[in-house]
Structures are given as structure tokens and as C-alpha cells.
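> Submitted below is the structure of interest, expressed as C-alpha cells.
Values quoted throughout were computed directly from the atomic coordinates according to the rules given, and no laboratory measurement underlies them. Just so it is clear, the structure is predicted and the values come from calculations on it, not from any experiment. Positions of Cβ are backbone-derived with ideal geometry, glycine not excepted, and every protein chain shown enters the neighbour counts.
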Amino acid sequence: MRTIKYYILTILYFLFFQLQAFSTEQVPDYLWFKGQKISLSTGWGHPSPLETYFTQTNTRNPFRMISTANYRGFIANWVIKDKRLFLKSVKSIFDSNTHKYITIQGKKINNHFDIKSNETKYNDDNKIFADWFTGVIECTKDNTSYYFLIKSGVVEDSEIITSIEQEKLYKHKNINNLNKKQLHQLQILELNDDYIAFYFNLNNKDSVVIDGRSSFFSDKFEYSPVFSLYKNKISDWPFHWLNRERNGAPICKWSIEDDKVYLKHVDLTEGTQIFTTDKKPINLSEVFPYEITENKIFAKKLNGYFVIEQGNDVEDEFIPNYSIYKNEKIIYVRIENGIIKERFDIILKEMNFQKPSKLDPGFKRFLEKMNQGFSMVLISILLENDSKFELEQKEKEKELNIISLASFFFLGFPFLVKHSLSKLNLFRGRRFKRTSSKRSHNNP
């Protein structure tokens, strides 16, 4: 295991002095627009419209990371027709032995992945109306960028900007000198920037005080539990990217007292800084018109499955005077109307990951119901058959090596400096996501 750590440190040293990019560029989706095929950006600031389906509909994401260049696990093809966005096909890996791509088209997507429209009258055999998606799509072809503002699958606004035009816009000094077309271009660029910043900050961890200890707090998708109060519809958050006066992803402070959950503080996070977070507090009454008692709100509309992480900063054995965050305990809870109804405290060092059949039956049922989002690595391992995990020690170390290196190349230098060594343990309840590089892992 020490060899693996030294190997990663060697790569880190090399990339640091080579000034490599912060993360691996993602394989794009593709959009057919006015008869031409253009690349649809799916980097850390732009989730594929298909990725948002699973959080918006609260359903299990069937895709898994294929490579560091395709963390989302698929390549989707889209088309805009009559100002509506449609999903045409999904290409993904089904055979882990051959790693061959298989493409599912049109209405067959529903049969394979249970992906469907709310409004089906626009569907046909070749495409599915993406009415679950609200967001900004950025596409490129040659030296031209295409931007589409989409609300519930309908194109509300769009703009085509060449690289030369974009450079001029970013260099402008007086907005009064811009013509009408340039003003519109600038507005959609600023909207796109806010959209990127929102998703960049979306996975900052909330904090909660439980059992007298400050901990990390998230829903099963690794988002703030506050979105549960909006039925997990991110676009219903009143300060989302479309709010031109005030927007930002939430980062909240909670407390749990006598199994009741209280919201105590909400900040809006802005910008895309790597090592710091721009926070602006908002009044609790602006978020929820509930009765505020002793500067907190009883979260009576909080429902679902949530994860609480407890750990400490520990000194790294290889880097002097440097600490890394290490999870010690994960608390899984099911909350109904703001009250904890089920709770399972998992001490990680006491878990027998090789013998999932020895799990407490109640906890196993809990995981089966929760089997979406957050700690998919942990959950899937615990729910698999024992025989699949009877590996020789060399094989285990090989897998750890692959995952550690994958986390490095995917998450990039800033994230790795703080986290990659702790990633050597698969079972710390973490999942690889592009926005994870923004998360602070100091004790909350």
C-alpha cells in the first residue's frame, strides 16, 4: 500500500511542476441543431441534461463511471426540434469484460433505463422529450459557441457567439458602447457563468450538530438537504442561476435535537474559487416562511434519506505538517416531516466489507431503499454477494491503485492535494464527482 501512495505522490510532483490542467476534459454529449452535429459540454460546470434527470425525478442513476474522461458513464445524443430538446440515444458500456459500447435509441431508452417524459405527446419512436431539464446548454463547433437556455425542455433563449466576438465582449470596458446584439450575447454569457458557478458549488457539504458533535450533512445525491424542502427540484430553489439579482448554491447549518431537525443558517455560495468559498448569508425568513424560534426553523417538510459524516483531520504519514480529513463514522438516517424515524451508526473500522451477508437485516433493507446517489461504492459493495469480494490481496491492491489514480486524474491537482491519499480506502462513503474539488474537508 505504501508503494501506491508513493506512486501517486510521484505523479503529483510531476504534474505540479508541469502545471497540468485541474481536471480531465470530459467526453462530450452531442447535439443535432439545424442539421449539424455539435459538441455539448459536459464538464464540471455543465452536467449532461441526462444526469439531471435522476436528481429531478428522485430515481436511481443506472450509469457508472467509465473512465476519467467519462465520469458520467454514458454519451448521449440530443436534438433540438421546434424549440424543444429531445433525447435521441444513449451510448454506454454494458459488458464490463469487453468494454464495448452499446447504443440504445429512441423509445427503447425507457425500457432499458426507465427514462421518460412527463409530457409524452411530443415523443415518437426516435426521441424522448427532455421536459425534466431546466438549465443552460453550452455547445461548440470549430471556433463558435452555441448557448441555449432551456426551461422544462423548451428553448427559451439562445445565442451563437464566435470566439472573436466572445473575446471582444470580455474585454469591453463600457457597457453603454455595446449594441443590442452584443448586450444579449453578454447577458447569456453571464447567465452561463452563473450556471457554472451554481453547479460548481452545489456539492459543498452542509454541517449539522448531532450528539453534540459537528458533522457533514447531505442528501443521498450529495446535495444540501435543503433541496428536499423543494422536493429535490433544484430549479425551484429561489436563488438559482435564473435569479439575476441574487443567486448561489446553498450551504446550510443544521442541528438535530431529540431527533428533530432544525435549520439554523443559510449562506449563498458564489464564484469558482478552488481554495476559498465566497459566502453571503441570507435571512431564514427569505427561504422559508415558517415560524422562527430561537433563531432556528423546525424543518417540518424535510423528508427522505440522508447521510451524516463524522471524522477528524489526521496528520499524513508521508507529508510533514499536513493533515487530511478521515471519516470515522457514517450515520444513515431516514427523516419524515423533520423527525428522524430510522438511524444506523456505522463505525467504518468495524465494518466487515468482505461479508455483506453479515449485515444487520434492518440496515440492509435501509440501504436497498436508499440505493441511489451518495455512497454508491459502499452501498453496491454491501449489497453484492460475498463471492464477488473474495479477492486475493494483490487484486485488492490493484483495484485500489486504479481507483486512486482515477480519482487523481479526474479530480485534479487542487482536490488531490487535500484528498487523494484518503481515497485509498474505498469505503469512506465518498463518490467521485466533478464538483467535489470545491468541497472543504476541514471539520465543519
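> Mind sorting 213, 343 by how few other Cβ atoms lie within 10 Å of their own Cβ, fewest first? Write out the running numbers ahead of the final one.
Values: 213 12, 343 15.
By the 10 Å Cβ count, ascending: 213, 343.
> Using DSSP to call loops (not H, G, I, E or B), can you name the GluC sites (Glu not before Pro) in segment 218-311 whose Cβ has at most 14 other Cβ atoms within 10 angstrom?
Passing sites in segment 218-311 are 245, 291, 294.
> In sequence order, what are the phi-derived ³J(HN,Hα) couplings for segment 201-216 according to the Karplus relation 6.51 cos²θ - 1.76 cosθ + 1.60 with θ = phi - 60°, rounded to whole Hz, with x for glycine and proline?
Each residue's phi maps through the Karplus curve to give 9, 5, 9, 4, 7, 6, 10, 9, 9, 9, 6, x, 10, 6, 9, 7 Hz.
> Calculate the all-directions average of the projected area of segment 27-200's alpha-carbon convex hull, and give it in nm².
11.1 nm²
> Pull up all non-local amide H partners of residue 132: gap of 5 or more, or a different chain, and H-to-H distance under 5 Å with H placed in the peptide plane.
118
> Pop out the ³J(HN,Hα) list for segment 162-171 in order, Karplus 6.51 cos²θ - 1.76 cosθ + 1.60 with θ = phi - 60°, rounded to Hz; leave Gly and Pro as x.
Whole-Hz 3J(HN,Hα) from phi for segment 162-171: 7, 5, 5, 5, 5, 4, 5, 5, 6, 8.
> Cα centroids of segment 49-95 and segment 311-340: how far apart, whole angstrom?
Their Cα centres are 31 Å away from one another.
> Exposure proxy check: 284, 183, 178 ranked by fewest other beta carbons within 10 Å?
In increasing order of surrounding Cβ atoms, one gets 183, 178, 284.
> Test of understanding: ordering 366, 129 by Cβ neighbours within 10 Å, fewest first, what list do you get? It would help to have the intermediate numbers written out before the result.
On the way: 366 20, 129 23.
Least crowded to most crowded, the residues run 366, 129.
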